[in-house]
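Here's the structure we're looking at; comments come further down.
The values are calculated or read from the model by the stated rules, or taken from the named source; none is laboratory data. All of these numbers come straight from a predicted model, not from anything done at the bench. Quick reminder, even Gly has a Cβ in these numbers, built from the backbone with ideal geometry, and neighbours come from all protein chains shown.
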Amino acid sequence: MPATEAALAAGTLSVAKARLLAGAINERTAERFAEQEAFLIEQVQALPVDDAKTALDYWRRLADTDGPDPDDPTRNWARLLPGYGGRWHLEADLDPVAGTILKAVLDAIGERMHQEGRFKDLSPEANSASHRDAGALIEMARRASGSDPDRQAVHPDVVVVVPVAALTSGVPDPFNPPLVRDGGPVSLDTVLRLAQLGTVSAMTTDAAGRPLRLGRKQRLASGDQWTALAVRDGGCVAPGCDRPVAFCQAHHLSWWDRDGGATDLENLALLCSHHHHLIHDQKWTLQAGANNTWQLLRPDGAPVDHPRYVGHRPMNRARSPA
């Protein structure tokens, strides 16, 4: 890994990312890695460590054509074992389609439970994403068992963002792949398999995205706009906030009532209830910044540190070599 060693010595590559690069090499990918090492370094330099890991894992999957097939459903397994004090431990390893469908069902049930107010009295420590997933999993089991017939079924919707280049180019791009919202990169074959299930909304995007506009005809965001916001923002855009889409509302940057703002995608942003109230009731301000960031300003005009990068945008900046 001569280029990696040189980048480390020059201080342009972190040790964490160098380890991720090394982890992408095996006997089947070594030759391809040697050919693309400089390109891979250039791409991961622009990414957060978590996004770099996701991209390199996807690159290794594309390069290691003789390795294990992650789409093979016969490799799926799940294990529920009794633990100490009468508690139970759940583990599973699922293929992309099965995992995406399960996550979509849990998210849909979790959102329904949130709308019913079933999380509102929980402490912050008991209301994390993992706690809500556990509650949704138990609720799913109750509904499937028929023990609670008054609970309505949910209709999950899987959103897959497919770049135009993925449809028009014959060469998969590991740094701009199809992405499952709240999931990870998937192959076009997986996208087609998900589409056959009838629960998929496919959003094809170009480099600039496709704005959806309603103007002053309607105050609330439409279903299509909400889907686009969920894909673009990925949750509350306020810096430091990790509230997911289900806990958010569509905020008009130019207010609907005060400023005559339009219900257009470029004038909307996802905010959790807390930050929405800060803006409308306590004179805080949300601004769209450069490089797909959002900046939150206090009433005195002082910015909150660390602008928030939205959705999957940092990962989508990179491109394949010619």
Requested in this report: Would you mind stating whether E111 is charged (D, E, K, R), assigned to a helix (DSSP H, G or I) and either under 23 Å from V159 (Cα atoms) or under 19 Å from the mean Cα position of the chain (by Cα) (or both)?
Outcome: yes
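Results for (1) under 25 Å from G99 (Cβ atoms); (2) surrounded by 12 or more Cβ atoms within 10 Å (Cβ to Cβ), shown as yes or no for each residue.
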residue: E5; (1), (2): no, no
residue: L21; (1), (2): no, yes
residue: D51; (1), (2): yes, yes
residue: D57; (1), (2): yes, yes
residue: L62; (1), (2): yes, yes
residue: L80; (1), (2): yes, no
Query raised in the report: Within segment 191-201, can one find any residue that is surrounded by 13 or more Cβ atoms within 10 Å (Cβ to Cβ), of a type in the set (S, T, N, Q) and modelled with pLDDT under 70?
Result: yes
Report task. From (1) out of contact with any strand residue (DSSP E or B) (no Cβ under 6 Å at 6 or more places or on another chain); (2) part of a helix (DSSP H, G or I), pick out the condition that doesn't hold for Y58. Result -> (1)
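Here is a yes/no grid of residues against (1) surrounded by 15 or more Cβ atoms within 10 Å (Cβ to Cβ); (2) among the charged types (D, E, K, R); (3) more than 22 Å from D71 (Cα to Cα):
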| site | (1), (2), (3) |
| --- | --- |
| W88 | no, no, yes |
| P96 | yes, no, no |
| G99 | yes, no, no |
| K103 | yes, yes, no |
| L106 | yes, no, no |
| E116 | no, yes, yes |
| L122 | no, no, yes |
| E125 | no, yes, yes |
Query raised in the report: Taking interchain pairs and intrachain pairs at least six residues apart, which have beta carbon atoms under 6 angstrom, with the first residue in segment 240-263 and within 15 Å of Q225 (Cα to Cα) and the second surrounded by fewer than 17 Cβ atoms within 10 Å (Cβ to Cβ) and β-branched (V, I, T)?
Result: none
Report task. Could you tell me which residue of segment 133-146 is surrounded by the fewest Cβ atoms within 10 Å (Cβ to Cβ), considering only residues that are touching an Asp or Glu at 6+ places or on another chain (Cβ under 9 Å) and modelled with pLDDT of 80 or more? Result -> D133
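Restricting attention to segment 99-110, does a residue exist that is at positive phi, in the same structural domain as N127 (by TED's automatic domain parsing), at pLDDT below 90 and not acidic (D, E)?
So the first thing to find is which residues in segment 99-110 are at positive phi, and the list is none.
No - not one qualifying residue is present in segment 99-110.
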Report summary line: Within segment 17-55, the residues that are in contact (Cβ under 8 Å) with a residue 60 or more places away in the chain, assigned to a helix (DSSP H, G or I) and under 20 Å from the mean Cα position of the chain (by Cα) are Q43, D51, T54, A55
**Report entry** Wholly within segment 212-322, helices (runs of 4 or more DSSP H) carrying at least 3 residues that are at pLDDT below 90 and under 21 Å from the mean Cα position of the chain (by Cα)
**Finding:** 223-233, 313-316
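Residues are listed down the side, and each one gets a yes or a no for (1) of a type in the set (D, E); (2) closer than 21 Å to P178 by Cβ:
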| residue | (1), (2) |
| --- | --- |
| A38 | no, no |
| Q43 | no, yes |
| T65 | no, yes |
| D71 | yes, yes |
| W77 | no, no |
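Per-residue answers, yes or no, for (1) among the hydroxyl-bearing types (S, T, Y); (2) modelled with pLDDT of 85 or more; (3) under 30 Å from P244 (Cβ atoms):
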{"residue": "T12", "(1), (2), (3)": "yes, yes, no"}
{"residue": "E31", "(1), (2), (3)": "no, yes, no"}
{"residue": "L62", "(1), (2), (3)": "no, no, yes"}
{"residue": "P70", "(1), (2), (3)": "no, no, yes"}
{"residue": "E91", "(1), (2), (3)": "no, yes, yes"}
{"residue": "P96", "(1), (2), (3)": "no, no, yes"}
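In segment 72-86, what residues are of a type in the set (D, E, K, R) and modelled with pLDDT of 80 or more? I'd like the intermediate steps shown before the answer.
Narrowing segment 72-86 to residues of a type in the set (D, E, K, R): 72, 75, 79.
Result: R75, R79.
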Query - Candidates G99, G85, filtered to the one that is out of contact with any Cys (no Cβ under 8 Å at 6 or more places or on another chain), small (G, A, S), assigned to a helix (DSSP H, G or I) and closer than 28 Å to L20 by Cβ - result: G99
